[in-house]
Every structure is written in C-alpha cells, then in structure tokens.
Protein chains: 2
Amino acid sequence: MRSDPPTPPTGWQAIRDEALRRIQSREWQAGAPIPNEAELAMQFGCARSTVNRALRELAAIGLIERRRKAGSRVARHPLRKATFEIPIIQHEVEARGGRYDFTLIARNLGPAPVAASSRMGLPAGAEMLHLQALHLSDGRPYMHETRWVNPVAAPGILDVDLARVSANAWLVQNVPYTRGELTLSAAAADGTRAEALGCAQGEAIFCMERITWIGEAPVTLVIQSYAPGHRMTTAI
Amino acid sequence: MRSDPPTPPTGWQAIRDEALRRIQSREWQAGAPIPNEAELAMQFGCARSTVNRALRELAAIGLIERRRKAGSRVARHPLRKATFEIPIIQHEVEARGGRYDFTLIARNLGPAPVAASSRMGLPAGAEMLHLQALHLSDGRPYMHETRWVNPVAAPGILDVDLARVSANAWLVQNVPYTRGELTLSAAAADGTRAEALGCAQGEAIFCMERITWIGEAPVTLVIQSYAPGHRMTTAI
DNA sequence: GAGGTTAATATGTGCAGACATAATAACAAA
DNA sequence: TTTGTTATTATGTCTGCACATATTAACCTC
C-alpha cells in the first residue's frame, strides 16, 4: 500500500528532501531566511548549482520564496499549489476499470448563443459548430459534454465524422492550442443533462469548463458535466 | 489587457519557447521524436545543459515525453496539467475586493463520526476536535467549513481561541503537514450548509476536501463548501 | 527463431567557474 | 530629511566537461 520510493533519493533530491525536513521540523522557521546557496553547498558538500536546483524545486511548489540579494526564506503562508492532470476521458474511464464508449447526441452548425460566443470573445451570433456528446463507462453515463467549436480556427472539423472520432481527440491531434483557461464549478442538472446522465433534475453535478485559443483565435469552449458523485483527487 | 512579457525571453526560456513554437506549428509532429539535446545545442548555439533545462520544463508540463536512449518525443496525448493555488480564504476574499471575516459556529471535542475517522484512517470513535466555521465576504456568506482535527497530531490546538484565529491559519503556522490529499466535488446543500450559506436546501455547491498528514499521523480533515456560483479558474 | 549478453546512445545529473541581474545597503549630496 | 549614486550581495543562468543510468540495438548462442 506504500508508494514511497524504497531507496532514499540522492543528489539534488536528497538536498531538497533535507531542506523539506528542516522546514517541516521548524528548524527553518516560517518567514525566516535560510542559509544562502553557497553556505548550504558547503554544508552538504556539493556544488552551488546542486543546491540551486533543489531550492528551485521547493520554490516551484511554493514552499520557499526566493529573491535576489535578499536570499531565500520559508514561505510564511505556504500557498501550496495543487496539480491536476486534465483527464483524457477514455483513459480516465479505462483506468477505473470501465469500458469506454461515447455517443454523439447532437451536431449543429449555426449561430451560437451569446452565452457561448461572449465567453469565447466572439461577436454575438458568430457561426459555430455545436456538439453534444455523452461519454459512457460500461454503458452507463459517465460525463456529458457540450461544446462549441469555432470553425474559423479549426476548419477541418467540419469534415470529420464526429460520431466516430470524439471532437476532443480530433482537436487535440489537429489543432494544438497555445493558451487555455480551465474552470471548475458545481451546477444543478438542467433538463438536458439530467436526462443524458440519467439523474434527477436539479441534482448537483461537477462541471469542468475549458476554453482554448490558438494565438488570438478562440478554438473551442467545452463544458463537461460529470455524473453525480464524481470526485477529482490529487496529492498535495 | 495583454499580460505577455514585453521583452522576449532569452536563454533557456527562449529555447523552450522555440521548441513550443515548433510543436504548436506541427514542425515537430505529435508522437514523433525531436532532435536530441546535443543536436539542438548545436542548432541553438548553446550548451547541452541549456537545452536540457528547456526540454525538462516542457516535459514537466506534459508536452513532451523523455526517455533515456530513446530520446524526446512530442506527447501524442498532451496530458496537460492544470495547477491551482490552494486558496487562503482571507486572501481570496480580499483579492476579490471583499472585506473578510469569519465566525466560529461550533466547537466540539468528542468521538468523531465514522465517516470522518475512516477518511482519516483512524479507529471509529476516535476523539477529535470538530469545528464548524463560516467565512464571510463583506458580511455575506462566502464559504462554509467543517473540520475535524486530530488532537494527537496537533495538541496545541485545544488551547487556542478559535473564534479569534481561524483553525486553518493556526494549523498552517503550527503544524506543517508532510503530505496531503485534495478532492474537489459537487454536492447538494444539506440543511446545515444551506442555512449557513443562506441558500436553498439541495442547491449545488462546490466542495473542496482536504486531508493532511504529518508523517503517518492524520492531522485534519476539512470540507469547505462554497456559496453557490463559486468558480475556480486557472490558466493552462 | 528464441533467448540471453554486450555495446551503443540519449538523457540525468554532477562539478567548477564565470558573468548577469535584481534588490538591498551604505553612502553622499541637496 | 530626502534624494540620488554606488557598492555589495544572493540568486539566475550559462558553459564545458564528466560520469551515471536506463533503454535500445546488435550480436551471439542454442
């Protein structure tokens, strides 16, 4: 049940861990400066660059703050960061031991509602491809997805048979994005989603919304609604 | 409105960006190997370690996959990672321009319900401190928090006036954790939370659950329920 | 062929030294 | 006191080199 590495790390990771230990044991107090890199290099008998590497990793996870000339100090408010992997639905389902499948519920090309176009920064009534799909695990509804695709940014998508290839899979392979925004929220299941997910209307569902851009052009807005009870977990 | 750095990056960041550009322009195709570090160092006229640094960053965000001897290749499924900062409520509220305040609703020392103790891996009926608090923004409910604290791992907390100092603030300053787990989900507001948050019972609320350990000992389990409409956003 | 051994190779990490840069402290001038 | 200038300092980064290590490819034996 233990997932720790059996052998203790060496090199820069050992130094990172030792620094971690000193922080956690309050040997290095919150808010207080820690010895500078050169001194730590002496203590650990290694090069400064090795210490630098170790401390840089700690700074990356928000445990220490570093400033030139001022040195490094233990973060007073360990503004820790949590990292989630943005799931690829098929993998996620299969990792849970389910058989993956998906159904294209709707496909319409036409003017998008203002709610969608404005989220994407496009003029009202812009022509967009609207898709609705249901992702299944062992034949049971797993996640409902409603998506708008800007055909200007992803022209090829109009010729794809999206009942065979999921829009996400196609986009990821064919229209790499340069920037994106991800929003998590909770929402009550409306009629459409309740029906698709097979749950009661008004039930609380976990939503993940993504917008991606290629350069300045918005590519797609997707709202994924998970079946009730879905949880997204990560180690911190 | 533009947040890009005005001056283009130099050094390893320039190389990272150039590699990024080649991936996004499909000059380096998804799934295909990219030139090895030594060759790229030649191309860019820099040392291999500089290329190494750049590619390591790209690997860290999941855009390329690296294996010894096999070399680096563009990830076929850009399993991108999203990083959220775990919010410190006071800062979050103030960043949104609100005035922060909080109220301790309940404080009980006694055997914890099985749901809580089992989540923390403690025997049923273990003695724990149970707290309920409401965090306010401009006097309006912002987030409801229910928390169990293991007094064995955080003994000092029993003597703290938790109506003045929030449990989170005290714990963060006094009991650094070595490991944690964070879970996001959606839930329907039960009676307690609906009343506290001033919303209808059954309304969908966004929940963040955290468990932290110090060594092998569980420290605290906290379930934070945000007022309806809360959204958690990050750039990817 | 199947299976095992050996060599080749790309990345991972280390070192010492150098200079760049940001932020501070010390100092001087108004 | 305030303001501007000049060191000083710790981190940021780069270089060139070296060796470690994981993984593959080539080879050899049966």
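For the reader, a short list of remarks on this structure follows.
- Take the Cα of residue A:108, step 7 Å toward its Cβ, do the same at residue A:66, and the gap between the two points is 5.3 nm.
- Modelled FRET efficiency - R0 41 Å, residue A:115 with residue B:24, Cβ distances, 0.05 increments: 0.90
- Total charge dipole magnitude, the stretch A:89-226, about the Cα centre, Cβ charges on Lys, Arg, Asp, Glu only, Debye to nearest 20: 60 debye
- 0 to 90° range, to nearest 10: angle between helix A:12-24 axis and chain A longest Cα axis: 80 degrees
- Of the solvent-accessible surface of chain A, computed with a 1.4 Å probe over protein heavy atoms with every protein chain present, carbon and sulfur atoms account for 52 percent.
- With all pairs of different C-alpha atoms in the average, the Kirkwood value for the hydrodynamic radius of the stretch B:48-205 is 19.3 Å.
- Calculated FRET efficiency for the pair residue B:14/residue A:140, C-beta based, R₀ 45 Å, to 0.05: 0.40
- Cα-centre dipole for chain A with unit charges at Cβ (Lys and Arg positive, Asp and Glu negative), debye to 20: 1180 debye
- A Gaussian network model of chain A, with springs between Cα atoms under 10 Å, assigns the largest mean-square fluctuation among A:189, A:60, A:163 to A:60.
- Gyration tensor (alpha-carbon) shape descriptor, the stretch B:13-131, a/c threshold 1.5: prolate
- Other protein chain C-beta atoms within 10 Å of residue C-beta, averaged over A:206-218: 2.
- Förster radius 41 Å - calculated FRET efficiency between residue B:216 and residue A:216 (Cβ-Cβ, nearest 0.05): 0.20
- Note on residue B:69: aspartates and glutamates with a C-alpha under 16 Å away, same-chain residues under 8 apart excluded, are B:37, B:39.
- Other residues lying with their Cβ under 12 Å from the Cβ of residue B:15 contribute a combined charge of +2, Lys and Arg counting +1, Asp and Glu -1.
- Relative contact order %, chain B, counting alpha carbon pairs below 8 Å whose residues are six or more apart: 14 percent
- CD proxy at 222 nm, helix term only [per DSSP H run n ≥ 4: -39500 (n - 2.57); per residue of the protein assembly as shown; nearest 500]: -7500 deg cm²/dmol
- Over all other residues within a Cβ to Cβ distance under 9 Å of residue B:73, the charged ones net out to +2, with Lys and Arg as +1 and Asp and Glu as -1.
- Averaged over the residues of A:185-197, the number of partner chain Cβ atoms lying within 10 Å of the residue Cβ comes to 3.
- Put the Cα centre of the stretch A:187-213 next to the Cα centre of the stretch B:155-177 and the gap is 38 Å.
- Taking label points 7 Å from Cα along the Cα-to-Cβ direction, residue A:77 and residue B:101 give a separation of 2.0 nm.
The values are calculated or read from the model by the stated rules, or taken from the named source; none is laboratory data. Just so it is clear, the structure is predicted and the values come from calculations on it, not from any experiment. Here the Cβ is made from the backbone with ideal geometry for all residues, glycine too, and neighbour counts use every protein chain on show. These area figures cover heavy atoms from the full protein model, side chains too; ligands, DNA and RNA do not enter into them. Shrake-Rupley method; radii C 1.70, N 1.55, O 1.52, S 1.80 Å.
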